[in-house]
1. Hey, got the dipole for the protein assembly as shown? About the Cα centre, +1 on K and R Cβ, -1 on D and E Cβ, debye to the nearest 20?
2. How large is the dipole of chain B about the Cα centre if only Lys and Arg carry +1 and Asp and Glu carry -1, each at its Cβ, rounded to the nearest 20 debye?
3. At a probe radius of 1.4 Å, figure out the B/A buried accessible area, summed over both chains, and give it in Å² to the nearest 100.
4. How many Å² of accessible area per residue for segment A:206-301, probe 1.4 Å?
5. Any idea which of B:S384, B:V129, B:M318 is furthest toward the positive side of the dipole for the protein assembly as shown, if Lys and Arg beta-carbons carry +1 and Asp and Glu beta-carbons -1?
6. In straight Cα distance, which aspartates and glutamates are under 20 Å from A:K371, not counting same-chain residues fewer than 8 positions off?
7. Multiply the residue separation of B:S170 and B:Q389 by 0.36 nm, subtract the distance between their alpha-carbon atoms, and state the gained length in nm to one decimal.
8. What angle do you read, to the nearest 10 degrees and between 0 and 90, between the alpha-carbon axis of helix B:183-216 and the longest principal axis of chain B?
Amino acid sequence: MFQLYKARLKCLVRSKENIFWSYLFPILLATCFYFTFGNLWTFEDYESISIAYVSEGGQDDALKMAMEEAHTDNGTPLFVVNYTSEKEASKLLEDNEIEAYILGDSDPKLYIKNNGLNETIIKSFLDSYRRTSITVQTILNNNPKALEEGLLDDLMEAETFVYEVDNGKRPDVMLIYFYSLLAYTCLFASGWGLDEVINIQANQSHRGARVSVSPVHKMKLFLSNMLAAITAQAGGITLLFIYLYNILKIDFGDSLFPVIVTCMVGSFTGLALGAMVGALGKGKVESKEAIVTAIVLGSSFLTGMMIVNIKYIICKFAPFLNYINPAALITDALYSLYYYDSLHLFYINIGILSGLTVVFGFIAFLGIRRKTYASI
Amino acid sequence: MQVFKLYFKIFKQNLFSILVYTGLFVGILVMISLNIRREEEKKFTSKEIPILVVNEDGNNNLIEGFLNYLDAYVTYVPIENDEEKRKDALFYNEVYYILTIPAGFSEAFLSGNEVELRKECIPNAAETVFVDTAINDYFNMAKVYRKHMPNLSIEELNFYIENNLDVETSVAFNDNGSKNVHKGSDNYYMTYFNTLGYILLACFVTGVSHVLLAFNQLDIRRRNSAAPISNRSINIQLILANLVFVLSYVVVFFVIGYLFNPNKVIGMGTYLYWLNTIVFALVTLSISYIIGITVTSKNAIHAIATALSLGLAFISGMFVPQEFLGKAVLRLASFTPAYWFVKANDTIALMSNYSWENIRQIYLPLGIQLGFAAAIISMSLVISKRKSQQAS
């Protein structure tokens, strides 16, 4: 049996193109994810927002002063303010020279062109400015001496009252992308699984016809081939994992053992899935490949690999899908290891995943056992 | 036109797989469209953020007033007070924010001592920042009021703060450009066409290479080289056939985009998006073609299709808007056609009217894309020529 295993492994490894891309593509993607999300949601390279301010007020316009003084934590001014007429401001906005303009008055009005991050920043700024000025008025009406008592300083000194509970493990959207990529790579094993089944079925491939007449027990051959395929797959997963863990420093939680178990089980699921599709029906190889690709890509899509929102939509409207979707099971298992202290959710996910694998494997087994062909 | 006809014969034989892929990508596209619509609708309705409040301090006037105030910003979601359940709720986004009011908070706050509220929230969501701001605003105001109007009762305090925080800046869309009539659908279309870029890449690389594989088998290639038809002619016919394939898909995608567009308006902006998409379809076609004639292993094609489509989609802003991406990433992405496709879409979305000057802005991104297409096609012609001269 070892001979068979060795021969098949050699055969797989010699298809250099296949090995190269299967190993390389998740690493390429992980790199892209890393670059995309590395910079996301941080304001490190914050650029001042260009706005225009239309006002009749002179030098002592408080809003104008507040806008000019506002800056981010590292000193970048929040706004670059142009002082124009309303007509000019409107034109500047049309030409995308500015992001918004403000009609100053006791009741400032914000004119925007589209609704984005910068517009939200401007609006929050204005809201906060106006609230503060009303506070000042109310207090001064009741306590005229407040200014002398340091009212303005007190207003400037905005305190933070809410603090994040530091239990080390915050939910992290970025991780979902990496985990679902790992899940996709695990399920990519379905390609290998499909090949192995095609390769021993006499009605599907020439090689299948050849091995059917050889004096080897078919199941023995099949198992050694599957073993070879899982070995090749393990190589790819290991490489990706090392890359994620050691180079990109992705957080996988405290202990690595269950993570490795998840990858292993996930790879078996992929393999079994491919084998099952390969063993079912008499369709053409190309059709079966398309089905496998559609299942794997579709399930990864539902897990949020492309757009993480999809994951939440599924959670909300069709939560049962997460319990039968292998990519979701793998992703959730990994995420639960990172996020939860107990292994409860991990066991559930891995349990269902293993169950699915057994079912897929069993169906594949039923599909290929004891087949004989009168003619093909 | 034998090759052209042959292409569609092979196409027909592979019809089932092509249909499966089509089903997959149309399905993905429909879900994406629904997601965009949901997001857009959320933007225009006031957002109520689901949060959970764990009050360990007991009920009193201050907390009641505070929770009343906060109600304007959030929806309170009742969840069992159990560590695991709360984590689940955050994990599945049932709540975005868990606020814990620790025991003794009110007393400490009212006597002017340092106080802290604790939060757990889903990260990187703008919504949670709003909740933070709302909470901090309340207590900052309360603090200032209490300091300067020490005789204020808590009821009065709440009344003032409510009044105060009711103020909101009115926002208006600049409607100077009277020609722009379908502003609302612009955001939908921009996001739709940006994500469509991913679908085009994924779908065409898989689909086109699928059919081209048949032409690439060694024996077939030898047979074709021996035929009294030039390599160039074979290539041109193949590209033409692919073009028909690609363009018919593009039309389907346009129809889907139209059907899911909340406004169902076709205007100049729509035509510009279409034009840009067709140009990008040419680019993806050229990419698919070069992959189709160089890669022979099917698994490898799937791997490349995934890496290329998702990789480009992420770095060039098809899923995450370009304004959120880092400068270095964008610079890297600008060496790919995908970046220019997204750039053109974003530019179209920003146009307030379709004057000649505005439209001229997308010449450059369109031109660069066409340049990419031409360069890649020339490369594939060279490769194809080389291959026809090789023995194996």
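The values are calculated or read from the model by the stated rules, or taken from the named source; none is laboratory data. Only a predicted model underlies this, so the values are computations on that prediction, with no experimental measurement involved. We place every Cβ from the backbone using ideal geometry, glycine too, and count neighbours over all the protein chains shown. For the accessible areas, the whole protein counts, side chains as well, though only heavy atoms, and no ligand, DNA or RNA atoms are used. Shrake-Rupley method; radii C 1.70, N 1.55, O 1.52, S 1.80 Å.
1. Numbers: 60 positive and 69 negative charges, 1602 e Å.
It works out to roughly 7700 debye.
2. Working: 31 positive and 32 negative charges, 816 e Å.
Its charge dipole is roughly 3920 debye.
3. Numbers: alone 21570 and 21980 Å², together 34310 Å².
So the buried area, both faces added, is about 9200 Å².
4. Numbers: 4120 Å² over 96 residues.
Roughly 43 Å² per residue, with all protein chains present.
5. Going by the charge dipole, the pick is B:S384.
6. The qualifying aspartates and glutamates are A:D195, A:E196.
7. Working: separation 219, 0.36 × 219 = 78.84 nm, distance 7.03 nm.
Extra length available between B:S170 and B:Q389 comes to 71.8 nm.
8. Computed tilt is about 30 degrees.
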